[in-house]
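Working notes, structure below.
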Amino acid sequence: MALRLALHLTMESRFHTSGIYKVETLLQALLPQTVIDLARSDRKQTYKLTNNWNRSLEVLLKLKRGFQIEFDQDTYPEWLRPGSKSRKKIGYFDTLLAAKITIHPPAPIPKMLATRAELKQVQPRLKASSKPKLTSNEIKEARVAKGWSQAQLAGWLGMSQRYVSMLERGERTPAPEVESRIWHLLIISD
């Protein structure tokens, strides 16, 4: 569930910039409604789903450059939060579903998603033949000029950081489609 939650929040952050969610809304986005309904009527399923939710939040918090999570003081009581050793009160699942939580993905993700969306909307496609071949130095200089790390560029290209490093050292030549994406990300978008 943690991976699904991370992906959902990352994509949602493009539109839902406040980051404030009801727990029930997030669970409905991640799970079939029948699972939530079953948890409402079966104590074992309530326990199982609540623990799964709490473990997911703990995973997001432990990630390197993790998600920023804030629990609403009025609707998400201390005793219901992940890691709490307090005994749960009767009807706690309804309290959990109504609870509000603020979750923001790691800082560079929303910025990169917004940049990528702008690129898709604004930039016309150039024919491959109208672009000169990129040299390894040009790739590195353009990346550095953007203020991006090799890992960030690799993320946008859907490749490993090691491959980007090899491109920049001239050990690999990019395929035409990769070169075109590099042009659009680094050269044209300035």
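Data overview
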{"read-out": "Accessible-area ranking of Arg81, Arg172, largest first, probe 1.4 Å", "value": "Arg172, Arg81"}
{"read-out": "Cα radius of gyration and Dmax for region 146-190 (Å)", "value": "9.8, 26"}
{"read-out": "Solvent-accessible area, 1.4 Å probe, carbon plus sulfur percent, for region 24-95", "value": "50 percent"}
{"read-out": "Karplus 3J(HN,Hα) series, Hz, for region 72-88 with 6.51 cos²θ - 1.76 cosθ + 1.60 (x for Gly, Pro)", "value": "5, 5, 7, 10, 10, x, 3, 5, 9, 6, x, x, 6, 9, 5, 6, 6"}
{"read-out": "Probe 1.4 Å, accessible area per residue of region 1-43, Å²", "value": "59 Å²"}
{"read-out": "Most to least accessible of Asp74, Asp94 (protein chains only, probe 1.4 Å)", "value": "Asp74, Asp94"}
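The values are calculated or read from the model by the stated rules, or taken from the named source; none is laboratory data. These numbers were taken from a predicted model, which means no experiment stands behind them. Ligands, DNA and RNA are excluded from the accessible area calculation, which covers all protein heavy atoms including side chains. Shrake-Rupley method; radii C 1.70, N 1.55, O 1.52, S 1.80 Å.
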